[in-house]
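Data first, discussion second: the structure below is written as structure tokens.
The values are calculated or read from the model by the stated rules, or taken from the named source; none is laboratory data. Keep in mind that what you see is a predicted model, and the values were worked out from it rather than measured. All Cβ positions, even for glycine, are placed from backbone atoms using ideal geometry, and neighbour counts span all protein chains on display.
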Amino acid sequence: MRSWYHPAQRMTYKRFTPLFAFVVFCIAAYLLYRALSAYEPAKIVEAILAIPRPRLALGTLFAACSYVSLTFVDAFAIRYIGAKLSYRRVALASFTALSIGHTLGVAAASSGAIRYRFYSRWGIDAGDIARIILFCAMTAGLGLNTLMGLVLLLQANVAAKLLGFSQAGALALGAACLLLTALYVGLAAVLRRPLAIKRWEIPIPPVKLALAQIFIGTMDFCFVAAALYELLPVSAGIGYFAVATVYVLANIASIASHVPGGLGVLEAVVIHLMPEVSVIGALVVFRFIYFLVPFTIGAVLFAAYELRQRRRRKAFQ
């Protein structure tokens, strides 16, 4: 596969990356401050106290499971390009990139740039890193598409009410989503050569890896929907698949808006689709445990890693 960057461009990028790392950390710190300042401390405490401890613990556990599952996406991507890295390194790169990327917005670009920072230091060239980023983005898209297809078929009446469709329309859309996923698996089974797009060649994963993509991508979104479900009031009587349907639609709106972390978009869509339920407290806590806590940890890890690398460079000078 041809390299996506000229050697001179690589050298320029390497010189630029320390500045990039500093800028990302500053933006991350600002977004964390802005996100927290959007809520009154008393309201956050009140919302947390209103949620039963077992459900809060389960919500936190499911949020953690989401990030753990995403580390396996990067692990599959490393296998996809034929490289070898320890899971510890892959998990560090994945969690740091995604915990920050989810909050910065335009995750493929922001998390991709942080992935480049890690993987380039571990001997992976720019072309292969681009393939890793593409593989991860495809996995997320397949997961979201597959979960949407499942919830539309399993909860067609609920989905029809939320979307304003007829039940038949919801079933047709769900079938179309799953057909798209099946088409991807079919391509993986049939194509033996890389997919050629102009001058570039993109190897299609083998069937087993394609199925792993679909499974882990879908499970990621299932975990996130489960985290939100556990935080909603029990008295609302809302089923998991109904919550998953709402979350999928809200996630699509967040991605389309490119708003950092979907801040305000996720809340607006959920409130609009579930007007009869008091979800403000659940959404505050959900944003806290799924976005802000991982984001803070990721930013600290990223800063600590950069400082460590800088000290190593100075030690060898």
In the stretch 169-180, the residues that are farther than 21 Å from F215 by Cβ and touching a residue at least 12 places away in the same chain (Cβ under 8 Å): A170, L171, L173
task: From the list I280, I297, pick out the single residue that is modelled with pLDDT of 70 or more and in contact with a Lys or Arg (Cβ under 9 Å, 6 or more places away or on another chain).
output: I280
Members of the stretch 68-103 that are under 15 Å from F215 (Cα atoms) and in contact with a helix residue (DSSP H, G or I) (Cβ under 6 Å, 6 or more places away or on another chain): S69, L70, T71, F72, V73, D74, A75, F76, A77
message: Any residue that is more than 19 Å from N251 (Cα to Cα), at pLDDT below 95 and either crowded, with 21+ Cβ neighbours inside 10 Å or among the small types (G, A, S) (or both) - is there at least one of those in the stretch 137-152?
response: no
- prompt: Which residues, taken from the stretch 304-317, are under 12 Å from T96 (Cα atoms) and surrounded by fewer than 17 Cβ atoms within 10 Å (Cβ to Cβ)?
  reply: A304
query: So I133 clears everything in (1) closer than 16 Å to N251 by Cβ; (2) in contact with a Gly (Cβ under 6 Å, 6 or more places away or on another chain) except one condition, right? Which one?
result: (1)
message: Looking at P205, P194 in this structure, which one is crowded, with 20+ Cβ neighbours inside 10 Å and touching a residue at least 12 places away in the same chain (Cβ under 8 Å)?
response: P205
message: Residues that are at pLDDT 90 or above: list the helices (runs of 4 or more DSSP H) wholly contained in the stretch 1-102 that include at least 3 such residues.
response: 53-80
message: Suppose the filter is on the phi < 0 side of the Ramachandran plot, small (G, A, S) and either within 18 Å of the chain's Cα centre (by Cα) or surrounded by 20 or more Cβ atoms within 10 Å (Cβ to Cβ) (or both); does G169 pass it?
response: no
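Listed here are the residues, each with its yes/no results for (1) more than 30 Å from E306 (Cβ to Cβ); (2) among the small types (G, A, S); (3) touching a Pro at 6+ places or on another chain (Cβ under 6 Å).
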| site | (1), (2), (3) |
| --- | --- |
| R121 | no, no, no |
| M148 | yes, no, no |
| G174 | yes, yes, no |
| V190 | yes, no, no |
| A196 | yes, yes, no |
| L211 | yes, no, no |
- line: The residue from L134, L163, L183 that alone is of a type in the set (A, V, I, L, M) and either loosely packed, with under 15 Cβ neighbours inside 10 Å or without any contact (Cβ under 8 Å) to a residue 40 or more places away in the chain (or both) is L183
